[in-house]
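Provided herewith is a single structure, encoded as structure tokens, for subsequent inquiry.
Taken together, the values in this text are just the output of simple stated rules run on the coordinates, not laboratory data. Fair warning: this is a prediction, and the values are worked out from it, not measured in the lab. Quick reminder, even Gly has a Cβ in these numbers, built from the backbone with ideal geometry, and neighbours come from all protein chains shown.
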Amino acid sequence: MEQDSEYVLLSTINQLNAEGDRVSQRELAKSIHMSLGMTNVLVRRLTQKGLIFIKRVSPRNVTYVLTPDGVNELARRTCRYLKKTMRQVVDYKESILSAVSSAKDRGFAHIGLLGNSDMDFIIEYAAHRAGLKFEVYGLEVDIPKDTFVFVSESVPDAPPDTGEALVHIRDLLGGRA
């Protein structure tokens, strides 16, 4: 997902306040991995929009608090993010189900995952649904011949995608993994 800097800043202010931490601009910049200058620009923009309030805690120190409109905006953006994420998960599931079904139709008896992946639960679900055994492998040499393999996005020296017995997760998901 592309990073929404305003959302990240709102979320971070909310989180730091919930933890009882004093929210300084320097702490915000550090927490959101942005320069102090860029953080200052975002703070000013969100203040002008009425989403955050600058609260003076001493003559030299300020802290930042979400306004009610800021809380509503954070909730709206969180909901939008969750909806988009759920749509992507459904798309990923459909792609994986299709690949597993095709592998079964081509006579593969097992579904394997080479490496660790956040998609492992979907691949395991698809294998179970197709009536195929699922296994995670750490090394390519451990994979039986009758196994259709999903190559994890975390495998640095992945075998080439021949289209016959394996598919790279990043390719299956359109490069989004």
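Taking +1 at the Cβ of each Lys and Arg and -1 at the Cβ of each Asp and Glu, which of V89, F53, I143 sits farthest along the dipole of the chain towards its positive end, judged by Cα position relative to the Cα centre?
Value computed over the given set: F53.
Another question about this same structure. Just to check, using Stokes-Einstein with a Kirkwood Rh over alpha carbon pairs, what's the diffusion coefficient of region 5-66 at 4 °C and 1.567 mPa s in µm²/s? Numbers along the way, then the final one.
On the way: Rh = 11.4 Å.
The calculation lands on 114 µm²/s.
Still on this structure: Tell me the mean residue ellipticity at 222 nm calculated for the chain from its helices only (DSSP H runs of n ≥ 4, each -39500 (n - 2.57), averaged over every residue, nearest 500). List each step's numbers first, then the result.
Numbers: 6 runs with 88 residues, N = 177.
For the chain, the value works out to -16000 deg cm²/dmol.
Could you list the square roots of 5 times each eigenvalue of the Cα gyration tensor of the chain, that is, the equivalent ellipsoid semi-axes, sorted largest first and rounded to whole Å? Display every interim value, and only then the final one.
Values: eigenvalues 445, 54, 31 Å².
Equivalent-ellipsoid dimensions as semi-axes: 47, 16, 12 Å.
According to a simple spin-label model (label point 7 Å from Cα along Cα-to-Cβ), what is the distance in nm between R106 and T85?
Calculated label separation equals 3.3 nm.
Next up: Using the eigenvalues of the Cα gyration tensor, what equivalent ellipsoid semi-axes result for region 89-143 when each is taken as the square root of five times the eigenvalue, whole Å, largest first? The partial results should precede the final answer.
Values: eigenvalues 58, 43, 14 Å².
Values for region 89-143, descending: 17, 15, 8 Å.
Near the amide H of E153, under 5 Å away, which other amide H atoms are found, from residues 5 or more places off or on another chain, if H is placed in the peptide plane?
I169, R170
How high is the relative contact order of region 71-173, given as a whole-number percent (alpha carbon pairs under 8 Å, six or more residues apart)?
Values: 120 pairs, mean separation 28.2, N = 103.
Reported relative contact order: 27 percent.
Straight distance only, please: which aspartates and glutamates reach the Cα of K104 with their own Cα at less than 17 Å, same-chain residues fewer than 8 apart left out?
Hits, sequence-local ones excluded: E94, E124, E135, D146, E164.
Please get the size of the charge dipole for the chain, origin at its Cα centre, with Cβ charges of +1 on Lys and Arg and -1 on Asp and Glu, quoted in debye to the nearest 20.
Working: 23 positive and 23 negative charges, 275 e Å.
Computed charge dipole of the chain: roughly 1320 debye.
Same structure again: What does DSSP give for the chain in terms of the percent of beta bridges that are antiparallel, rounded to the nearest 5? Numbers along the way, then the final one.
On the way: 5 of 18 bridges.
Percent antiparallel among DSSP bridges in the chain is about 30.
What FRET efficiency comes out for the pair R76/R22, r = Cβ-Cβ distance, R0 = 25 Å, nearest 0.05? Please report the intermediate quantities before stating the final value.
Working: r = 27 Å, r/R0 = 1.07.
Here the calculated transfer efficiency is 0.40.
Further question on the same structure: Going by Cα centres, region 13-30 and region 92-141 are how many Å apart?
42
Let me ask another. With contacts defined as alpha carbon pairs under 8 Å and 6 or more residues apart, what's the relative contact order of region 1-92 in percent?
Result for region 1-92 is 26 percent.
Next question, about the same structure. Could you calculate the FRET efficiency of N61 with E6 from 1/(1 + (r/R0)^6), where r is the beta carbon distance between them and R0 is 41 Å, rounded to 0.05?
Numbers: r = 24 Å, r/R0 = 0.58.
The pair N61/E6 has a calculated efficiency of 0.95.
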